[in-house]
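Beneath this line is the structure, given in structure tokens, with notes to follow.
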Amino acid sequence: MACITCGQCAIACPTASITEKECIDSVWEALEDPDKYVVVQTAPSIQVTLGEVFGYPVGTVVTGKLVAALRRLGFDRVFATDFTADLTVIEEAHELLERLDGRGKLPLLSSCSPGWVKFAEHFYSEFLDNLSTCKSPHEMFGALTKTYFAEKEGIDPKRIVVVAIMPCTAKKYEASRPEMGTEDFKDVDWVLTTRELARMIRQAGINFNQLPDEDYDVPMGISSGAGSIFGSTGGVIEAAVRTAYFLTTGKEMDLLDYEELRGFSGLKEAWVELKGRPIKVAIAHGTGNARVLMDRLRAGEQFDYVEIMACPGGCVGGGGQPIFGGREHKEISLDYRHNRADALARIDYSKELRRAHENPSVKKIYEEFLGHPLGDISKNLLHTYYTPRGKLPGFNYGGTKGSHAGHVKENIPPQDNQYVPKDGKVDEQKLQ
Amino acid sequence: MDKIKLNIDGKEVEADKGMNVLEAARQAGIEIPSLCYLRHINEIGSCRVCLVEVEIKGTKTLQASCVYPATEGLVVYTSSPRVRRVRRTMVELLLSDHHRECTTCIRNLNCELQNIADNLGIRNIKFTGEMKSLPVQNKNSFIVRDYNKCIKCRRCEAICSKVQEVNVYSAINRAYDTSLPPPSCRICPRWPA
Ligand code: SF4
Ligand code: SF4
Ligand code: FES
């Protein structure tokens, strides 16, 4: 079967037989090049997992030290992917409302987990039209850095190198997809896992535990609590529903935390009131659970909004997160993922800014650059399309799929030299 | 949950019915090293690092504790001279076919095999036989696969098929030649497609 690049096997392997592909050297090279302007972004979950490598207990929040360490490493700007997670919330909430209005297919399936996206492309390609067309937040971030930010700061986009610190091996694959970028640039140049960042910090001889707490740079380092909880299962839906509720009623939702939405049972569903009607949402994490849910969809069950993350626990259990190989009781259980997720929830509670649409930087970027959500510029830069791939690796079953929002002509590459079976059907036997 | 009593290293220990000896011992604070075992995910008893001596009616046999059920009245020795000797041999055998380039390895100081070898105090390996030398697979953008360091514990296969249900890996061949193919040969020909 085709691999979805989730990296869970790399976490499971007790030795170095399966490991992430390191790109530390390329990042050093960019940092050493005086011509390059190197911008780094950190995924929401990094702030609760990086500390583990330096001896902090699981679930310690080390945001300030993380930022300080990145500055010491020589990155020109230190931003947070949480910012574009907020943006994703807004785009996706609009997409949800559009689809609830009958434009586009329901249920809306979330698309910010690249492992899940690839899983859908291989095993559930009939649902590709249901996938949200939003790129994952780090790709959005890259696209905006090389357009909005470059223009604002007067830097030639060709000089900018975007490095993403991610909990994920699938994001390495995602960054190499041809559709993630334009002819002139790749949205994200290098993806480092949490483990690789820890190694860079050690290589530079930085004493992590002694670092002061520093803040992210503005403007793309400002984020709301909604952006932070993207890093654990249930977070995307929770954030998007907060915003969709505000968009439709003009009121803030009193009760912000759907308890039934977060936490670690593999599969959950809930009813939420939106647009005067109850909508049914579901959450799955780990593609094994996703299969159960997708098979129910296939059987005709109705849902309105579904969030799926490829790794058990969401990003906090990602394939690029720290491994405890040296510890005595090494076990791959969900326990430590739970503590990490609790820490993300604590960040969410502690922020004054908890809703994505309140984020001043996000408001500003719509005013100054993007126009409005699902507008032409955002469709071009922030949305993408998907490719049906079939169950076996190495094939592209022809055609690309993008539903309404991201279906921008310029985004879709020419169809030639792709494998298209004559009768449109695929003889799987022949492929083996 | 029904409770049972067993005797581990001369200590009366209580355990839940249905537990294996490894879990029962760990619950009682007695550590038995393990390698291939992942609770509820990979319980196949392939590495034999968790060997213990089990006494039934006066006869002692060596058993892999991670797959041996804890039963009422069982007598277990986790660190008898025989256990220590054989356990050590098992790890030496694993190491005899493992590219031991620890200082330059990406998992240096974070490797379970290294950790166990260190705990057992292995200083030299008496087995000198054939050692595989296969090319490292790194022709994709996210994962590197080095067959020379694989100990065939099958944890990768277990997590990919039981937790993620993607079923990428499946072991081929037998014994010394066992190999767990992708991510590599079945992925890379036209990767990333
Ligand atoms: S699907 Fe995930 S667990 Fe399976 S081989 Fe690919 S990266 Fe490893
Ligand atoms: S590659 Fe798979 S079988 Fe080999 S050591 Fe790693 S987890 Fe075990
Ligand atoms: S841990 Fe019991 S045989 Fe491997």
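The values are calculated or read from the model by the stated rules, or taken from the named source; none is laboratory data. None of the values given here were measured: they were computed from a predicted structure. Ideal geometry is used to build each Cβ from the backbone, glycine not excepted, and the neighbour counts take in all protein chains shown.
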* Qualifying residue in region A:37-47 (condition: more than 22 Å from A:G235 (Cα to Cα) and either part of a loop (DSSP other than H, G, I, E, B) or not β-branched (V, I, T) (or both)) -> yes
* Asked: If a residue has to be surrounded by 18 or more Cβ atoms within 10 Å (Cβ to Cβ) and either of a type outside the set (G, A, S) or not in a strand (DSSP E or B) (or both) to count, how many in region A:268-290 make the cut?
  -> 12
* Any chance A:T81 is within 16 Å of ligand 1 (Cβ to nearest atom), closer than 24 Å to A:F119 by Cβ and of a type in the set (S, T, N, Q) -> no
* Please indicate, with yes or no, whether at least one residue in region A:63-81 is surrounded by fewer than 24 Cβ atoms within 10 Å (Cβ to Cβ), touching a strand residue (DSSP E or B) at 6+ places or on another chain (Cβ under 8 Å), at positive phi and in a loop (DSSP other than H, G, I, E, B). => yes
* Looking at A:T169, A:T133, A:T145, A:T84, which one is within 16 Å of ligand 2 (Cβ to nearest atom), modelled with pLDDT of 90 or more, buried (at least 23 other Cβ atoms within 10 Å of the Cβ) and not charged (D, E, K, R)? -> A:T169
* To do: Check B:V86 against each of (1) more than 16 Å from ligand 1 (Cβ to nearest atom); (2) among the hydrophobic types (A, V, I, L, M, F, W, C); (3) within 11 Å of another protein chain (Cβ to nearest Cβ) and name the one condition it does not meet.
  => (3)
* To do: Hey, could you check region B:112-140 for residues that are out of contact with any strand residue (DSSP E or B) (no Cβ under 9 Å at 6 or more places or on another chain) and within 7 Å of chain A (Cβ to nearest Cβ) and say which is farthest from ligand 3 (Cβ to nearest atom)?
  => B:N115
* Structure fact -> Selection over region B:18-56 where residues are within 8 Å of ligand 3 (Cβ to nearest atom) and among the basic types (K, R) yields a count of 1
* To do: Give the residues of region A:134-176 that are more than 16 Å from ligand 1 (Cβ to nearest atom) and part of a loop (DSSP other than H, G, I, E, B), sorted by residue number.
  => A:K135, A:S136, A:G154, A:I155, A:D156
* Is it fair to say B:E112 is within 16 Å of ligand 2 (Cβ to nearest atom) and of a type outside the set (K, R)? -> yes
* Structure fact -> A:C23 fails exactly one of (1) within 14 Å of chain B (Cβ to nearest Cβ); (2) in contact with a Gly (Cβ under 8 Å, 6 or more places away or on another chain), namely (2)
